[in-house]
Each structure stands twice: as C-alpha cells, then as structure tokens.
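Below is one structure, written out as structure tokens; the observations come after it.
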Amino acid sequence: MSANARIAEVGEAISYEELGLAARNHAFPLEALRYDVTPVGLHYLLTHYDIPALDADRWRLRIEGAVENPLTLTLDELKARPRVSQTVTFECAGNGRARLSPRPISQPWLDGAVGNATWTGTPLAPLLQDAGLRPEAVDVQFTGADHGIERGVEQDYARGLSLAESLRDEVLLAYEINGQPLPPQHGFPVRLVVPGWYGMAQVKWLTSITVLDQPFIGFQNEIAYRYRVTEDGPSEPITRIQPRALMAPPGFPDFMSRSRVVDAGEVRLSGRAWSGWAPISNVEVSVDGGQTWKAAELDPPGERWAWRGWGFQWTAEPGECELAVRATDAAGNIQPVDQPWNRQGMSNNMVQRVPVTVR
C-alpha cells in the first residue's frame, strides 16, 4: 500500500476519477467572501466516502476506552448539556492541491476549499471529564459513520487527537450550523469542531469517542494527511491551518478562464485572512504580480477562530496585470510566494494570484 497519492505526469489532464470527486465535493465561490458568515450552501464540502443515512432518534454517541464511566448519549441528552456557539473558519488540508506542479492526484482543489460558519453544540472537555479519564489516557479517537476504502484500506473514517488538544475549551460537539440543525452533508446529527485545525480533524457523523492509552495509529493520521516530500522519506502530520489570505474577485469574469475585467480608476479590493496558529497581524497586496507589496487595511478583530476582513484601495490603470495577496499571523508565519510542494498536496498556502484586464 502506497502512503502517497500518485503524482501526475507532466501535462497529464484531470482524470475522470478526479472529476467525479470534484463534482461531489464543492468549493466555496470566492465572491462569497463578502459574507462575514458563510451561508451553509456556499460553505466548502468534502465527503470522504458516502453521506450516511442516520436517524436522529436512533443515533447514539459512545464515550469509551480508558475511562472509568463509559457513556452513551442520545441527541436530546447532548442538547440538554451547556450550549455554546462560536464562529470558526474551516479549510481543507488539500486546498490548493491542483495548483501544484507536479500535481498530486486527488480531490483537485484550487483556492476555494474554505468556509466560515457559526457552529453550535456542547464543549467536549466536560463530557470526557464526566466519563472519568484514566491516568494512562494519552489520545482520543473520533469515529464517524462514513465507511469506505482508501488506498486499499477498508475503514470507518476516524481521526485521533492528543488528550491535551481534545480538552481545549473551544473543541465542540456541534449539532447546528448558522442556527440550523446540521444538514446531512455537514455531519448530521453531530460532528466534531476543532478550531484552528484543518478540515480532516472535524469528524462528521460522529458515532464514538474512544480514549486511548497509546497514540492513535489509524489510517487518517498515520498514512493520510502528512507532509512528505519524497515517497520513502520522513513525514510530519498535518495539524493547524497555515496563514492564508483570499481576495474577492474584482470586476466581472471571463466565463472559462475566470480572469477578471475592471474599469480603470479607483477599485476597492477586499477579502479575508486567517491562520490556525495565531491571529492575523498583517495582509499585503501586490498589483504587479508579486514584485512589490503594500499593506492592506485590516478590519477590527472578531472572534478568535473566525477569519478577518481586509481592504485595499487600488488605482487601476489600463492594461493587463496580476493581483496577489498574502497574510502574516502574529506568530510570524507568512504565506509563501512559491509553492510548498509535498507528495500528498497538503497545506499549499502559496499566494493567490488574480489575472485582471483593466479597460
């Protein structure tokens, strides 16, 4: 079994299988950056296997493993617990994969595997504490109801987090998005929300939480979602979201290329920026293809795990140009201008480039 997606040959087109994945898993249209909170139907979506058919009345969540008091909860029992809402930016770890060269073959995301929604549920930590964590507990396994085969391994989708990460106050078991019950594609009836982490950690259709006395070594942690440059070389796990800024497309598009057309004069550029490591501290815009950069204006800070708005006033002169935008967070992490290549096409946060014709 290969630990890596196949790498496309030079000039190899998107395959039928990749097209099928792209049709099932929709991206966020970048003009929707205008919304502080992403409407549910515009939020990006990735489903690994099939969307399971779950009955809310029959659904149960088990908390088991290295605990003194295993729990089984109904949806009503979960909803009776303390209720918390928080706005969180989600991004798929594969966002930007299709822009890499050579291209890892998988879900062919460009820039739009992102969304910023308000999730409502109950904090995870008190539930783990109610179950009575044993001293030997080190990791927590979260298992969903979606089942399939990936690189030859039949599995229920499952991810592991360290116990310390699982006990963060902001980690939720969510049953609502934007004030409405989760729709089937977003994990109905309950999903995990781990602010700051890429989307693979946000396990949908949650059925069990297992406290482990040893590190989790399941497929989605140990084989998938890892930084690996060479096929047999060392790898590191994907964890928190790297800083990224996106620009709402100015003007209007060409149908096929999506390149933009604007009128000469004053043009207001705007967008959003986020990072799972630290709050956004700076956004810069280039109007000459990344040769020079100027600071954008930042909106006032909002919720910690939500994206932050930015704006930039551009005096557009007739001709062809390329706009670009990049973000820096308070920990000093900055978007790279060049691609951070790896074999699985993970966490490619190189700067967005927007071709524009100014008329």
Practice task
Quick one: which residues, 5+ away or cross-chain, put their amide H under 5 Å from the amide H of residue 117? H built at 1.01 Å from N.
Solution key: 38, 88, 90
Exercise for the section: Enumerate the amide H contacts of residue 212 below 5 Å, restricted to partners 5 or more residues apart or on another chain; note that Pro and chain-start residues carry no placed amide H. Expected result: 66, 138, 139, 140, 141
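Quick check for me: using +1 on Lys/Arg Cβ and -1 on Asp/Glu Cβ, what's the dipole size of the stretch 173-326 about its Cα centre, in debye to the nearest 20? Working shown, then result.
Working: 14 positive and 17 negative charges, 92 e Å.
Roughly 440 debye for the stretch 173-326.
Listed highest first by mean packing, meaning other Cβ atoms within 10 Å per residue, what order do 101-112, 200-211 come in? Write out the running numbers ahead of the final one.
Working: 101-112: 19.1, 200-211: 22.8.
Packing order, densest peptide first, comes out as 200-211, 101-112.
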Exercise for the section: Tell me which residues come under 5 Å, amide H to amide H, from residue 238 once H is placed; ignore anything under 5 positions away on its chain. Expected result: 226, 227
Practice task
Convert each backbone phi in the stretch 261-269 into a coupling constant with the Karplus relation 6.51 cos²θ - 1.76 cosθ + 1.60 (shift: θ = phi - 60°), then list the ³J(HN,Hα) values in order as whole Hz, x for Gly and Pro.
Solution key: 10, 10, 8, 4, x, 7, 10, 8, 9
Exercise for the section: Among DSSP beta bridges whose residues both lie in the chain, state the antiparallel percentage, nearest 5. Expected result: 90
Problem - Estimated dipole of the chain in Debye, rounded to 20 [Cβ of Lys and Arg +1, of Asp and Glu -1, Cα centre] - result: 320
Problem - Whole-Hz couplings from phi, Karplus 6.51/-1.76/1.60, listed for the stretch 84-91; x for Gly and Pro - result: 9, 10, 8, 8, 9, 7, 9, 9
Completion exercise
Checking rank on 244-255, 346-357, 44-55, with mean other Cβ inside 10 Å and highest first, the result is 346-357, 244-255, 44-55
Practice task
Select from 321, 265, 59 the residue farthest towards the positive end of the dipole of the chain; place +1 on Cβ of Lys and Arg, -1 on Cβ of Asp and Glu, and compute about the Cα centre.
Solution key: 265
Practice task
Could you check the simple spin-label distance between residue 7 and residue 156, using points 7 Å along Cα→Cβ, in nm with one decimal?
Solution key: 3.7
Practice task
Pop out the ³J(HN,Hα) list for the stretch 246-256 in order, Karplus 6.51 cos²θ - 1.76 cosθ + 1.60 with θ = phi - 60°, rounded to Hz; leave Gly and Pro as x.
Solution key: 10, 9, 5, x, x, x, 9, x, 6, 4, 7
Practice task
Mind giving me the FRET efficiency for residue 110 and residue 317? R0 is 22 Å, r the Cβ-Cβ distance, nearest 0.05 is fine.
Solution key: 0.20
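None of the figures in this text is laboratory data; all of them are computed from the coordinates on show. Keep in mind it's a predicted model, so treat the numbers as computed, not measured. Don't worry about glycine lacking a Cβ; one is built from the backbone with ideal geometry, like all the others, and counts go over all protein chains shown.
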